Amino acid sequence: MYEGDVLAGNWRRPGKGKIPKVPAEQDLVVEDADSGFCGAVVACDKEAVTLEDRFGKRRLFPLAPAAFLLEGRPVTLVRPAAAAPAGPRRSASGSIAVEGLRARVARESRIYVEGVHDAALVEKIWGHDLRVEGVVVEYLEGVDDLPAIVEEFGPEPGRRLGVLVDHLVPGSKESRIAAGITSPDVLVVGHPFIDIWQAVKPSVLRIPAWPDVPRGVPWKEGVIAALGWRVEPAQAWRRILGAVSTYTDLEPELLGRVEELIDFVTETP
């Protein structure tokens, strides 16, 4: 029981006593002064707080001035301040983010990937790191053009070329082309996946596994059909890329290769 009538008098009128502001921290127990609903704070945004009573019933209340009672006394609930980060902010690749970054002048060295999807995924996860280092990513539009691109690029110490190849496995066409690149200033690495799509962990997309596609069926179209998505490949890729937010969403076979390429093209001669 409260001592006296806590609502007696015009205590909500400005200037009649100072009503304390209390952060609506999780599990704080308060009572809505108008309805008498009493419960613990389970959620709070900039406009309202959600209370849950002892029976599990939840109600939403606006964060109005002096709208709640805490231990029998009127208070104004406010949204809790955001917690300060416990340590340095991390980029999507897991590296320490450089605050106030201005991209440095691009190096002469480059990283090439096979296609626009590969470039988009590398940018999303390693874009911050690449801007810190001044490394530009371009794409080949097919590994068949790699020898001509290397010759035109003219690699040399301080002007290195790193190349990421899809499906770089023994006996494949990709492995034969890569074996023909012998310059010490070119590093060709690859992952075992048929397409960069497979480098995204299935769990990120809430599928049990990437489906097997029969020989003779275009891989992307076969995957889409097997998953029952009923979208075009461009739409499917937007869905896949949109599900990726950090390096933990990718398979280790890709992570290690991209990190290796960044180290190679940024190494001081």
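A few points about this structure:
- Selection from segment 72-91 of residues that are at pLDDT below 85 and surrounded by 15 or more Cβ atoms within 10 Å (Cβ to Cβ): Ser91
- Residue list for segment 45-62, restricted to those being open to solvent by less than 40 Å² (accessible area, probe 1.4 Å) and among the hydrophobic types (A, V, I, L, M, F, W, C): Ala48, Val49, Leu51, Phe61
- Single condition Glu114 does not satisfy, out of (1) over 30 Å from Asp185 (Cβ atoms); (2) modelled with pLDDT of 75 or more; (3) not aliphatic (A, V, I, L, M): (1)
- Of all residues making up segment 139-195, the number that are at pLDDT below 90 and among the aromatic types (Phe, Trp, Tyr): 1
- Odd one out for Gln235 among (1) open to solvent by 60 Å² or more (accessible area, probe 1.4 Å); (2) among the polar types (S, T, N, Q); (3) modelled with pLDDT of 90 or more; (4) closer than 30 Å to Glu108 by Cα: (4)
- Segments classed as strands (runs of 3 or more DSSP E), wholly inside segment 98-193, with at least 2 members that are more than 29 Å from Gly242 (Cβ to Cβ): 186-190
- Leu241 under 28 Å from Glu108 (Cα atoms), in contact with a helix residue (DSSP H, G or I) (Cβ under 9 Å, 6 or more places away or on another chain), modelled with pLDDT of 90 or more and not in a loop (DSSP other than H, G, I, E, B): no
- Scan of segment 29-43 for residues that are open to solvent by less than 40 Å² (accessible area, probe 1.4 Å) and within 36 Å of the chain's Cα centre (by Cα), ordered by number: Gly39, Ala40, Val41, Val42
- Given (1) open to solvent by 30 Å² or more (accessible area, probe 1.4 Å); (2) in contact (Cβ under 8 Å) with a residue 12 or more places away in the chain; (3) part of a loop (DSSP other than H, G, I, E, B), number of the condition Ile207 does not satisfy: (1)
The values are calculated or read from the model by the stated rules, or taken from the named source; none is laboratory data. Keep in mind it's a predicted model, so treat the numbers as computed, not measured. With ideal geometry, Cβ positions are generated from the backbone for all residues, glycine too; neighbour counts draw on all protein chains shown. Note: areas computed on protein heavy atoms with side chains; ligands, DNA, RNA excluded. Shrake-Rupley method; radii C 1.70, N 1.55, O 1.52, S 1.80 Å.
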